[in-house]
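Contents: one structure, followed by commentary.
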Amino acid sequence: MSGILSASRSAPLRFFTKRHGGVRNHPHHSLNLSHGVGDNEEMVILNRARLKKKHSIPFLLSAKQVHGDKIFIADLPLLSDLEVDGYDALMTNVSGIGLLIQQADCQGISLFDPVRFSIACVHSGWKGSVLNILAKTVSAMRTEYRSDPADLQAFISPSLGPCCAEFSNHPQELPSSFLAFQVKENYFNFWQVSRMQLLKAGLRDENITIAGVCTSCSPEFFSYRRACREGDGRTGRCGTVIALR
């Protein structure tokens, strides 16, 4: 596991996981964090427990993600881990809740408001980009926490890079505005799509950090694209986590 963490009130605990350090074998080896990919439930629970212990997170809030744009707001402390159904963004201003987004090529984008001391974590694949779930999450933070988008700090996790983001059906799947981010025939830079959407939502460019690591290229991460090339597409899920301390 690697990432960014701080124990001060001015910064949250924030990190993304790699695929190593867990308890499962192929094709979910080894730190699979998802209950929805056919892995053994007990092993996923154990992997999540290891995650919480390593980073001193009392409870995890996660979602059965559906590539939609619904946002779940946690406004009360958790008494146990919670996984909600049908959401792709999570928000809270409650300390001690680790917001967990699961991914295997999709972006996990964490947002932090250091003024209103609130956070969000967003799952955005290409469908989430088309729905502009990022702008909707920023808007929800404005409504719920009175966040000023100019204060928000965004971190885009390792995810599918422009080297591997091939969309041969993009005329049917992607809006014409995404053509500005086409790097070669059928290939798109979704890191820059997200940057553009965050900027249009009111964030400042200097507050947007992109990891710039392609999960399909790097064996350090789970990748659905790579698993499809090499086999039947079965693979685990890494995680992007953010928590107020």
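The values are calculated or read from the model by the stated rules, or taken from the named source; none is laboratory data. Just so we're clear, the structure is a prediction, and the values are computed from it rather than from any experiment. Heads up, the Cβs are rebuilt from the backbone with ideal geometry, glycines too, and the neighbour counts pull from every protein chain shown.
Just checking, which of F15, F72, F59, F112 is in contact with an Asp or Glu (Cβ under 7 Å, 6 or more places away or on another chain) and aromatic (F, W, Y)?
Going through F15, F72, F59, F112 in turn, the sole match is F59.
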Conditions (1) polar (S, T, N, Q); (2) touching a residue at least 60 places away in the same chain (Cβ under 8 Å); (3) farther than 23 Å from P158 by Cβ: number failed by N40
(2)
Residues of the range 29-61 being in a loop (DSSP other than H, G, I, E, B) and either of a type in the set (S, T, Y) or farther than 23 Å from L13 by Cα (or both), in sequence order, are H29, S30, S34, H35, G36, V37, G38, D39, N40, S56
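Within the range 198-227, track down each residue that is closer than 27 Å to G21 by Cα and either modelled with pLDDT under 95 or part of a loop (DSSP other than H, G, I, E, B) (or both).
If the condition is that a residue be closer than 27 Å to G21 by Cα and either modelled with pLDDT under 95 or part of a loop (DSSP other than H, G, I, E, B) (or both), then A211, G212, V213, T215, S216, C217, S218, P219, E220, F221, F222, S223 are the ones that fit.
What about F190, is it over 12 Å from C163 (Cα atoms) and either in contact with a Ser or Thr (Cβ under 9 Å, 6 or more places away or on another chain) or among the polar types (S, T, N, Q) (or both)? Walk me through how you get there before you give the answer.
Working: over 12 Å from C163 (Cα atoms): no; either in contact with a Ser or Thr (Cβ under 9 Å, 6 or more places away or on another chain) or among the polar types (S, T, N, Q) (or both): yes.
No; evaluated as a whole, the condition is false for this residue.
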Considering only residues that are farther than 21 Å from F15 by Cβ and crowded, with 19+ Cβ neighbours inside 10 Å, which ones fall in the range 146-159?
S147, P149
Mind checking whether some residue in the range 160-177 is touching a His at 6+ places or on another chain (Cβ under 7 Å) and buried (at least 16 other Cβ atoms within 10 Å of the Cβ)?
no
Name the residue, out of R237, R195, that is within 17 Å of T17 (Cβ to Cβ) and buried (at least 17 other Cβ atoms within 10 Å of the Cβ).
R237
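In the range 74-92, what residues are surrounded by fewer than 19 Cβ atoms within 10 Å (Cβ to Cβ) and not hydroxyl-bearing (S, T, Y)?
Residues of the range 74-92 surrounded by fewer than 19 Cβ atoms within 10 Å (Cβ to Cβ): 74-86.
Across the range 74-92, the qualifying residues are A74, D75, L76, P77, L78, L79, D81, L82, E83, V84, D85, G86.
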Pull out all pairs, ordered by first then second residue, where Cβ-Cβ is under 9 Å, the residues are six or more apart or on different chains, the first lies in the range 173-187 and is over 12 Å from C163 (Cβ atoms), and the second is assigned to a helix (DSSP H, G or I) and basic (K, R).
E173/K127
